[in-house]
1. So, of the residues in region 105-135 that are in contact (Cβ under 8 Å) with a residue 60 or more places away in the chain, aliphatic (A, V, I, L, M) and assigned to a helix (DSSP H, G or I), which turns out to be farthest from V311 (Cα to Cα)?
2. Within region 58-97, restricting attention to residues that are touching a Leu at 6+ places or on another chain (Cβ under 9 Å), assigned to a loop (DSSP other than H, G, I, E, B) and closer than 21 Å to D113 by Cα, which residue is least open to solvent (accessible area, probe 1.4 Å)?
3. With S42, S8 as the choices, which residue is open to solvent by 60 Å² or more (accessible area, probe 1.4 Å) and either within 19 Å of S105 (Cα to Cα) or in a loop (DSSP other than H, G, I, E, B) (or both)?
4. In region 161-176, which residues are outside any loop (DSSP other than H, G, I, E, B) and open to solvent by 30 Å² or more (accessible area, probe 1.4 Å)?
5. Select from region 146-160 the residues that are over 12 Å from C183 (Cβ atoms) and open to solvent by 50 Å² or more (accessible area, probe 1.4 Å) and list them in ascending order.
6. Exactly one condition in (1) within 21 Å of the chain's Cα centre (by Cα); (2) aliphatic (A, V, I, L, M); (3) more than 26 Å from C278 (Cα to Cα) is not met by V177; state its number.
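The values are calculated or read from the model by the stated rules, or taken from the named source; none is laboratory data. It should be emphasised that the depicted structure is a prediction, and the values quoted were computed from it without experimental measurement. FYI the Cβ positions are ideal-geometry reconstructions off the backbone, even for glycines, and counts take in every protein chain you see. Side chains included, ligands, DNA and RNA excluded: accessible areas come from the protein's heavy atoms. Shrake-Rupley method; radii C 1.70, N 1.55, O 1.52, S 1.80 Å.
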Amino acid sequence: MKITRIESVLMSVPLAEDSAARWSGGEMTVASVSMLQVHTDSGLIGLGDTYGGGWFYPEAAGGLVEHFNGVLVGENPLDVARLLEKMRNSCKYWGRVGASINAISAIENALWDIAGQEAGLPVWKLIGGLAHERMPFYASAGQEKPADAMEREMSGYVRDGVPAVKIRTSTNFDQAVAKVARCRELLGPNIKLMVDAVMGSHPSPWDSKQAVKFAHAIAPYDITWLEEPCAADDYEGLAEVRRLSPVPISGGETMFGLIEFGHLLRNRSVDIVQPDACTSGGILECIRIAGAAALFGTKVAPHAWGSGVTVMANLHWAFTQPNVFIQEVPTWGFPLRDALLVEPLRIENGHLLPPTAPGLGVRLTDELRAAYPWQGGYGAKMRAA
């Protein structure tokens, strides 16, 4: 079997008002999606999603695919580890982190999708088998929205028996604390509550002093973790927050590869790392990051906040790693979360069950491509408040 081409797939998904993605540092009213399909001469097609590429630089992400076409066409798609290294070597001079790694991640995930389809097995069976028979999950949304919409969202989680919820907060300190307090009131005492300050990529992130103040202000509301309270690469600042915070600290969704996560781990910057197979370097790199985290006694909670392809790529490796303790499931109303799945997410008693479909368990149909045609656009709008 040989790779015949890598196809860039750009799509535009207008978001309903209640589903518009608004957080402390940016907003999207149209979700730009930059996926790719790896085609083979056997007819098997693997699907990957650049995630951040779609959100922030969709057309450039598609352009990167052309570079990797030249690297991979004619290769055996089942040689995943060798092709991963070949892709990395092709861009060491100009792309050790950033957009190139988003593209490499998407391609590697698509190669695993092909391997699973060829074997007739879900990817987790190819990369080590189960470390967990079931996986706790949390609903991830809690965007900036009007109070009545937020209250409907939180009440829905209570109604549906969701075991844990993560919310995003605004840059305004007092508003952020008030939102945490209100969400705790709405969710009641039995649902776990995580708080994401989203300062990792914020244009004007909090410093460690502000972050510590915020951690103490929300601690009375029984917070499972505070996510990204400082800039993503402020390793020393994060370590200071972790040392002084009464709430566990998490981070890592915008970090690239084992080297950057190594800085996070060696500086003891977080209690929980959050690699993403669509950002951090692909499924194999996330497994390596989880192994490194184990050396430091650090827990792992994979990030996954985009399409069904991003969710499934992360879910497969999460099930194979002993120190993964919970999985993110986006619940902000993005239609491509479920529309791309071969089978629905299997949820039972507050836990995810292992996927059963071959490969990643995703498929991009002609009907979906027609439903969300590419309309152009810049991507998410970043803002400081």
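1. Here the residue is A119.
2. Out of the qualifying residues, it is P77.
3. When all the criteria are applied, what remains is S42.
4. Listed by number, the residues that qualify are F173, D174, Q175.
5. Answer for region 146-160, where residues must be over 12 Å from C183 (Cβ atoms) and open to solvent by 50 Å² or more (accessible area, probe 1.4 Å): P146, D148, R152, R159, D160.
6. Of everything listed in (1) within 21 Å of the chain's Cα centre (by Cα); (2) aliphatic (A, V, I, L, M); (3) more than 26 Å from C278 (Cα to Cα), V177 misses just condition (1).
Residue-wise test of (1) small (G, A, S); (2) touching a strand residue (DSSP E or B) at 6+ places or on another chain (Cβ under 9 Å); (3) at pLDDT 95 or above.
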position	(1), (2), (3)
A197	yes, yes, yes
W225	no, yes, yes
I259	no, no, no
R266	no, no, yes
R288	no, no, yes
V309	no, yes, yes
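Conditions tested, residue by residue: (1) farther than 18 Å from H132 by Cα; (2) open to solvent by 10 Å² or more (accessible area, probe 1.4 Å).
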{"position": "H263", "(1), (2)": "yes, yes"}
{"position": "A277", "(1), (2)": "yes, no"}
{"position": "I283", "(1), (2)": "no, no"}
{"position": "A304", "(1), (2)": "yes, no"}
{"position": "L315", "(1), (2)": "no, no"}
{"position": "Q321", "(1), (2)": "no, yes"}
{"position": "P330", "(1), (2)": "yes, no"}
{"position": "R346", "(1), (2)": "no, yes"}
{"position": "N349", "(1), (2)": "no, yes"}
